[in-house]
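The values are calculated or read from the model by the stated rules, or taken from the named source; none is laboratory data. Quick caveat, the model's predicted, so the values are computed rather than measured. Cβ atoms come from the backbone with ideal geometry, glycine included; neighbour counts cover every protein chain shown.
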Amino acid sequence: MIRSELIQKIADEHELNLNQAERIVNTIFEEIIDAMSSGDRVELRGFGAFSVKQRDARTGRNPRTGESVEVEEKCVPFFKTGKLLRDRLNDN
Amino acid sequence: MAGKTLTRMDLSEAVFREVGLSRNECAAMVESVLQHMSDALVEGESVKISSFGTFSVREKAARVGRNPKTGEEVPIHPRRVLTFRPSHLMKDRVAAGNK
């Protein structure tokens, strides 16, 4: 399923025009990225939680040239699946 | 990272500010989005949200695990797990916002 299909499903289910459904779906994803960009967590019970993890600085290597490069410490997005969804994936 | 935790309520509040629907309807929209995504994943489909990221289901083979406390061997059954791969845009924005 891709973004446009999700938008279509929301429009169909709630009898909205595509434009409105698109704004709704986009707002939700935008809000999640926005929260993580501020270092916040987004916890959606039953679905999962988005959080930010810190990665230490390290010495990386350019895989093509083998050259060493210093990689600065940085923050990366992380998603942990919720219990209900995890259970549903394994049909219990 | 001294951040706060957002919930469905915050997402539905964001939707409320964006579109002219009631708070109740906005909460239903958030629920419905999560529900459709979950349903697709349970069907084994990937969910690919451009400029956000991709959720995909992976099959894990059975293996022998060990209880770290007792050292006892326990069988781990084959199972399906969900992985999320953030888009470049998300990674860039999260990295830039948490410098």
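Got at least one residue in region A:70-77 being surrounded by 16 or more Cβ atoms within 10 Å (Cβ to Cβ) and more than 8 Å from chain B (Cβ to nearest Cβ)? Among the residues of region A:70-77, not one is surrounded by 16 or more Cβ atoms within 10 Å (Cβ to Cβ) and more than 8 Å from chain B (Cβ to nearest Cβ), which makes the answer no.
The residues of region B:30-64 that are within 8 Å of chain A (Cβ to nearest Cβ) and exposed (fewer than 14 other Cβ atoms within 10 Å of the Cβ) amount to a single one, B:Ser50. Considering only region A:19-40, I want to know if a residue exists there that is closer than 22 Å to B:Ser46 by Cα and of a type in the set (Gly, Ala, Ser). Yes, there is a match, as at least one residue in region A:19-40 is closer than 22 Å to B:Ser46 by Cα and of a type in the set (Gly, Ala, Ser). When each of B:Val42, B:Val81 is tested for being under 15 Å from the mean Cα position of the chain (by Cα) and farther than 17 Å from A:Met1 by Cβ, the lone residue that passes is B:Val81. Kindly evaluate B:Lys91 against the criterion of being farther than 29 Å from B:Asp39 by Cα and either outside any strand (DSSP E or B) or small (Gly, Ala, Ser) (or both). Taking the combined requirement at face value, the residue does not satisfy it. Report the residue count in region A:1-47 for those that are farther than 19 Å from B:Ser22 by Cβ and aliphatic (A, V, I, L, M). Of the residues in region A:1-47, 11 are farther than 19 Å from B:Ser22 by Cβ and aliphatic (A, V, I, L, M). Filtered by the rule that a residue be outside any loop (DSSP other than H, G, I, E, B) and out of contact with any Lys or Arg (no Cβ under 7 Å at 6 or more places or on another chain), region B:62-73 gives B:Arg63, B:Val64, B:Gly65, B:Arg66.
For region A:1-30, name all the residues that are closer than 15 Å to B:Met37 by Cα, among the polar types (S, T, N, Q) and more than 9 Å from chain B (Cβ to nearest Cβ). Of everything in region A:1-30, just one residue is closer than 15 Å to B:Met37 by Cα, among the polar types (S, T, N, Q) and more than 9 Å from chain B (Cβ to nearest Cβ), namely A:Gln8.
Condition test on A:Ala49, is it more than 10 Å from chain B (Cβ to nearest Cβ) and free of Cβ contacts under 8 Å to residues at least 60 places away in the same chain?
When the stated conditions are applied, A:Ala49 does not pass them.
Checking A:Lys83 against (1) surrounded by 14 or more Cβ atoms within 10 Å (Cβ to Cβ); (2) at pLDDT 95 or above, which single condition isn't satisfied? Every listed condition holds for A:Lys83 apart from (1).
Look at region B:45-67: where a residue is more than 14 Å from B:Arg80 (Cβ to Cβ) and a partner is of a type in the set (D, E, K, R) and at pLDDT 95 or above, sitting 6+ places away or on another chain with Cβ atoms under 8 Å, you get B:Lys48/A:Arg3; B:Ile49/A:Arg3; B:Ser50/A:Arg3; B:Phe52/A:Arg3; B:Gly53/B:Arg85; B:Thr54/B:Lys48; B:Thr54/B:Arg85.
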